[in-house]
Each structure stands twice: as structure tokens, then as C-alpha cells.
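Readers should treat all values here as calculations from the given coordinates under stated rules, not as data from a laboratory. No experiment lies behind these values; they were computed from the predicted model shown. Heads up, the Cβs are rebuilt from the backbone with ideal geometry, glycines too, and the neighbour counts pull from every protein chain shown.
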Amino acid sequence: MIRLAMLRHGHTPWNRMGRIQGRSDIALDIDARAELAAQSLPQGWEHADLVASPLERAWDTAERVAGRPATRVPNLIEMNWGDWEGLHGRDLKADPASGFKDIEDWGWDYCPPGGESPREVWDRLSPWLFALKQDTVAVCHIGIMRVILARAHGWDFAGPAPFAVKRNRLFVVEIDGTTLTPVPDPIRLIKKDTE
């Protein structure tokens, strides 16, 4: 059995403004940099393989928390939001003609215009995921985490999600062949010893 621990990247200016980032390469903001520099991986994870999305906000988070560079994995790039990248989700939601839906109404084939569906994200993630050889920490994005956790929980993007992706926590799934089992409780990052 292999364990994958997923960590969402720190805040960016776009996160704080409610803008959809997708594959736009937006850096961490100054507050996130300071917060992440004061945290580290919990015991038992500090020597795991460390990988990250190729987007700066993810690999910068990985290096600040782990104190070492991560291997960049193209499969971990965020879901492509197509024509909606850079826009505000609240504005799209307020426009009935936009086609925007809340996540609990997506299903696996919901796709932003010019973007990527959860099923397409899974199709690019699964070969990488099932080829892991040892315990791994992956610093990535909420879209990536949702897809993997959805598979692990048997959630079909219909109705409320059985998990809530929060920052500064490792969300762990156990991999046995092609079976994913979620570990129920996320593991918090720990504060670095400053003495």
C-alpha cells in the first residue's frame, strides 16, 4: 500500500479576490509566503517523495513547507477553467446565461467553456497516481484534490461533497492497486521550531 498526502498551495492575490485561477500561473502573496515558511510537514511525512504542480504557487508552497525543492509533475497542474480563468465565480454564478454551476451540480462531465471536466482531469491524473512507488506528498490545487478525493470517497460531484479541502492540511489517500481509500482526518502542518 502507498500513501499519497495532498496539500493545497497557499493563498494568492487571486484566491483572496475570488478570481478563478486554473492554469494561470499566479504566485503566492506575501502573507502566504510568511505563513508557509513558519510551517513544516508533520512527523512521518518529512522524508516522503515531494512533488508539486509545475505552477509557481504549488512548488513554492512545497519548498517553503518541506525545506527542499519538489519534483514538478505536469499531471498535477490545476484543472483548466478555459474561458472563465481570471473571472470572478460570483459574477458567473449571478449570470444565468454563463452556464456556471456549483460543484454539487457538476457530475463528472461538467466542463467550463474551453476548459476541462473532472473526468478529463482524472484521466490525466490516474496513470501518474497508480504508478507511485512510495509514500508521496503532492502540493497541488483544489481541483486536483477534489478529483482524487471524489474517487476515493465514491462521490460523483452530485450533492454535498463528503470532504472539505482546507489549507495547511494533508489530505491522505491510501492506494492499493487501483483502489483508493481516504484516510478520514486531514493532518495539520506543524509550526516550525524557531529556537
Next on the checklist: Using a Cα-Cα cut-off of under 25 Å, which lysines could be cross-linked to LYS93, ignoring same-chain neighbours fewer than 8 residues away?
Outcome noted: LYS101, LYS166
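For a Förster distance of 30 Å, can you work out the FRET efficiency between the beta-carbons of ALA34 and THR71, rounded to the nearest 0.05?
Working: r = 25 Å, r/R0 = 0.83.
Calculated value: 0.75.
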Checklist entry - Which of GLN39, GLN134, GLN21 moves the most in a Gaussian network model of the chain with Cα springs under 10 Å? => result GLN134
Item to check | In order through the stretch 57-64: 3J(HN,Hα) via Karplus (6.51 cos²θ - 1.76 cosθ + 1.60), integer Hz, x for Gly, Pro | outcome: 4, 7, 5, 5, 4, 4, 5, 5
Item to check | GNM flexibility winner over the chain from ILE103, ILE77, ILE148 (Cα, springs under 10 Å) | outcome: ILE103
Checklist entry - How much mean residue ellipticity at 222 nm does the chain get from its helices, if each DSSP H run of length 4 or more adds -39500 (n - 2.57) and you divide by all residues, to the nearest 500 deg cm²/dmol? => result -8000 deg cm²/dmol
